[in-house]
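Visitor: Below you will find the structure I want to go over with you.
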Amino acid sequence: MPLSFLHFVTRKIAMLWHWIDKGTVKQVESNLSRVIGNNPMALHKASRELFFNYAAYLADWARFIAVDTSGVFSFLNEINGKDNFKEAHAKGKGIIILTAHLGNWELGGLVFTHSGMPFNVVTAKDEAEAIARVRTKVRALHNIKTITIEEGSFFLIDIVNALRRNEPVAMLVDRYEKKNGVLVDFLGEKTYFPRGPVLLAKATGAAVMPALVVLDKSKKYKAVLDSPIEMEWSGDEEMDICVNVAKIAKVFEQYIRAYPTQWFNFSAIWDA
C-alpha cells in the first residue's frame, strides 16, 4: 500500500476519532493547556492537529514492518547532534538515551542501527501482550532489542550489561507513576519523573543524552541528539537525584513547548 494512501486513510480515521472520542480529546486538551494556555479554540485546533500527527506516526510505524532498515532510515530528513553522540560514545561507558512520547520515538533507534550499532529500548510491560509482541518483533527486524521492565526478570542486569558494552539504552521519561517517582516542576505543575536514569548514570558513569525525532515543517522527520545533561554529584544521594531529575524534566519541557502537537500523551498526567 502506498504511504501517501496510508496517510490519507489514517488521517480520515483520526478525524473521526477526534470527533467521536470526546473523553480522550478532553484529556489531551487538558494536557495541552499547560503548554499553550486555556483558549478553547486554540486547544481544539491543537488537539485536532495532534490527532492528525499521531495518525501519521502510526502510518509510518506500520511501514516499518514492510521495509528494511535502510528504507526506514530514508524517512529521516536530517540528523542534528551527531557530534554530541560521538563525544559521549568515545568515553566508552554507554549512553542513556532519554526521550518522550513526542514525535516518532520508535524511529529514533534507526539513527543508530542503520550504521550497525546495537540499540536497546527499555519499556514497561504492556497490558496488551499482543501489541507488545508486535512492537518487539518490529524492533528486532531493525536490530533493536527490547528490554521489558517486569517483576522477576533480569531487566536491570540487561540494561547495565548493554551500557558496559558501550551501547545506547533508550527510555521514555514523560509518563510515570508516583511509586518511586521524583516530584519536580514540569509545565507549571508538580509532576512525577523516574529516578532510574539518574541512578543508572551514577552507577555506570553513562552519559545521559536527551533525543527526539519529530516532524519538521516539511512534514519530514528530523532527529535531534542533544548535548548530554551534566549530572551533579554532591554526595547527598537524595538531593542529587532531585537536582538531576529536575534537569531532565526541564529539557523535556522545552521540547514539548516547541512541538506541542506532537506530544502524544493521551492519558492523565495531573489530577483534574
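Derivation of every value follows stated rules applied to the coordinates shown; laboratory data play no part. Bear in mind the structure is a predicted one, so any value in this text is a computation, not a measurement. Cβ coordinates were reconstructed from backbone atoms using ideal geometry, including for glycine residues, and neighbour counts include every protein chain displayed.
Visitor: By how many nm would the segment from ALA246 to SER267 grow when fully extended, if each residue of separation counts as 0.36 nm and the alpha-carbon distance is taken off?
Guide: 5.4 nm
Visitor: Ok, one more. Take the residue pairs LYS178/LYS220; LYS93/LYS178; LYS93/LYS247; LYS91/LYS220; LYS86/LYS247 and return only those whose Cα atoms are more than 28 Å apart.
Guide: Beyond 28 Å between Cα atoms: LYS178/LYS220; LYS93/LYS178; LYS91/LYS220.
Visitor: Let me ask you something else. Output the relative contact order of the chain, whole-number percent, from Cα pairs under 8 angstrom with separation of 6+ residues.
Guide: So the answer I get is 26 percent.
Visitor: LYS178 versus ILE13, label points 7 Å from Cα toward the beta carbon: distance in nm?
Guide: Distance between label points: 3.6 nm.
Visitor: Turning to a different aspect of this structure: Can you tell me the order of 154-166, 233-245, 187-199 when each peptide is scored by its average per-residue count of other Cβ atoms within 10 angstrom, highest first?
Guide: The peptides rank, most packed first, as 187-199, 154-166, 233-245.
Visitor: Where is the GNM fluctuation largest for the chain (alpha-carbon springs, 10 angstrom cutoff): GLU29, GLU177, GLU49?
Guide: GLU177
Visitor: Which order do the peptides 218-224, 37-43 take when ranked by the mean count of other beta-carbon atoms within 10 Å per residue, highest first?
Guide: Peptide ranking by packing, descending: 218-224, 37-43.
Visitor: Follow-up. Can you list the lysines whose alpha carbon is less than 19 Å from that of LYS219, not counting same-chain residues fewer than 8 positions off?
Guide: Answer for LYS219, where 19 Å is the Cα cut-off: LYS12, LYS45, listed by chain and number.
Visitor: As a test of the formula, what do you get for the chain when each DSSP H run with n ≥ 4 contributes -39,500 (n - 2.57) and the sum is divided by the residue count, at 222 nm and rounded to the nearest 500 deg cm²/dmol?
Guide: Theoretical 222 nm ellipticity from helices: -15000 deg cm²/dmol.
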